[in-house]
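Read the structure below first, then the notes.
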Amino acid sequence: MTKIEKCGTGAAAVQPLLSAGRRVTVDGHPVCSVCGGAVEPVGHDQWRHGLSRRPRITPAAESYAAFGRRFPWVAVSEDEWRAASGVFADYKRRLAQGARRRSLSAGQNPYLELFRLLAGSPARLLDLEERRRELASLYSWAIPTEAALDVLARYAPLVECGAGMGYWLALLRVRGVDAIGYDRSRPGKGNAFHGRNRGAWTAIRRLDSVQAARRHPERTLVLCWPPYDDDTGSYAALRAYRGDTVIHIGEREGSTGSVRFHRELALNWTLAEELELPHWPRLQDRLMVYRRNAVRRPHTERDRCFECRRFIATGGIGRCDACFAVRPPALALRVGRHRVEYPRDVVDAMPPALRKAFESSPSRIR
């Protein structure tokens, strides 16, 4: 058995585990380079064991000194803090104005304006992940532009299924575009995607995406950021649709649309037009126009267990549950809806601290 060193004492002695110069995270937090336990920063290049409840980073503070006392682990110059503080105050003011607004006029696009304000500022102090959630809850998960609206207008009449807050729909309607929208859920508390307690930006009919898509074969189908883990909002709606043109606003693969949805597009639709959209870090949003192929091809691709070759759930990876139970790996973790398995030779080659972190992880499958 590998002997594990004792952790150092004091903030300067505790250090996070690194790989190729980057911090290793397990369950969303850095881990100690010696014991594999959770660590958190307490100052510049100073760490301690454990995790405390911390406020999200915000530049809002009475002074640079007050910011430093509240977030001592963030190393930032006073000039950078002042720049971020000014942008953040302007952002919050304009966000509040947007939340009070009940309708949009021609030429208005407050979402794009707020995104551009944030994109041109010191990102690490503005918590862009939280800003994205705020803006998506009020507006949309994708950011419209004049060019994107022009493309949509050329394919009118439109029907948007899963219209959410109706923000894209409202911008299209003030331009005189023939567009209708459906969503089965109203915005507000209990809505996982649009939780603000206010109405939509324009009138939206209440119906699920499958029924709505089936009802309007004469219109171009628009799907804006359909969930990746729900066939109903993407694949099922696309299969129910009997028209010839669909516009997907989101990523080619990844965060939007289910595995079946992307396979259906690849098999039976042809990409006719594509436009890149403004997007948040680590996302690649675009507007994609597809035309239905003349001859439909059936889905023949099936996901299988790589060991016994039995069928597994669509989008599944690795081995089936039966093989896992009969021949369990040395270590397995639950990552989202997938199971990640590590054979013995891989576990033995891990740094001791990483192995300890995985073995004590709440995501470990025992």
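The values are calculated or read from the model by the stated rules, or taken from the named source; none is laboratory data. All values derive from a computational prediction rather than experimental measurement. Glycine also receives a Cβ, built like all others from the backbone with ideal geometry; neighbour counts cover every protein chain displayed. For accessibility, only protein heavy atoms count, side chains too; no ligands or nucleic acids. Shrake-Rupley method; radii C 1.70, N 1.55, O 1.52, S 1.80 Å.
So what is the relative contact order of the chain, in percent, for Cα pairs below 8 Å that sit 6 or more residues apart?
Once normalised by length, the contact order is 12 percent.
Expressed in whole Å with the largest first, what are the equivalent ellipsoid semi-axes of the chain derived from the C-alpha gyration tensor as the square root of 5 times each eigenvalue?
For the chain, the semi-axes come out at 41, 33, 15 Å.
For region 232-342, go through all pairs of different Cα atoms, get the mean of 1/r, take its inverse, and jot down that Kirkwood value in Å.
Result for region 232-342 stands at 16.3 Å.
With both partners inside the chain, how many of the DSSP beta bridges are antiparallel, as a percent to the nearest 5?
That works out to approximately 70 percent antiparallel.
Let's see if you can work this out: charge +1 on each Lys and Arg Cβ, -1 on each Asp and Glu Cβ, no other charges. What is the dipole magnitude of the chain about its Cα centre, in debye to the nearest 20?
1060 debye
What value, in deg cm²/dmol to 500, does the helix sum -39500 (n - 2.57) over DSSP H runs of n ≥ 4 give at 222 nm once divided by the residues of the chain?
Mean residue ellipticity at 222 nm (helix-derived): -8500 deg cm²/dmol.
Quick one: with all protein chains in place, what share of the accessible area of the chain is carbon or sulfur, to the nearest percent (1.4 Å probe)?
Exposed carbon and sulfur together represent 50 percent of the surface.
Quick one: which residues, 5+ away or cross-chain, put their amide H under 5 Å from the amide H of L207? H built at 1.01 Å from N.
The list, which skips near neighbours in sequence, is D183, R184.
Given A65, G318, G36, which one lies farthest toward the positive end of the charge dipole of the chain, if we put +1 on the Cβ of every Lys and Arg and -1 on the Cβ of every Asp and Glu?
G318
If you wrap a convex hull around the alpha carbons of region 277-366, what volume per residue comes out, as a whole number of Å³?
Spelled out: Cα convex hull of region 277-366, divided by residues, is 154 Å³.
For region 69-171, what number results from the quotient of the Cα radius of gyration and 2.2 N^0.38 Å?
Against the compact-globule rule of thumb, the ratio is 1.28.
What whole number of Å gives the distance from the Cα centroid of region 246-302 to the Cα centroid of region 197-238?
A separation of 15 Å, based on Cα centres.
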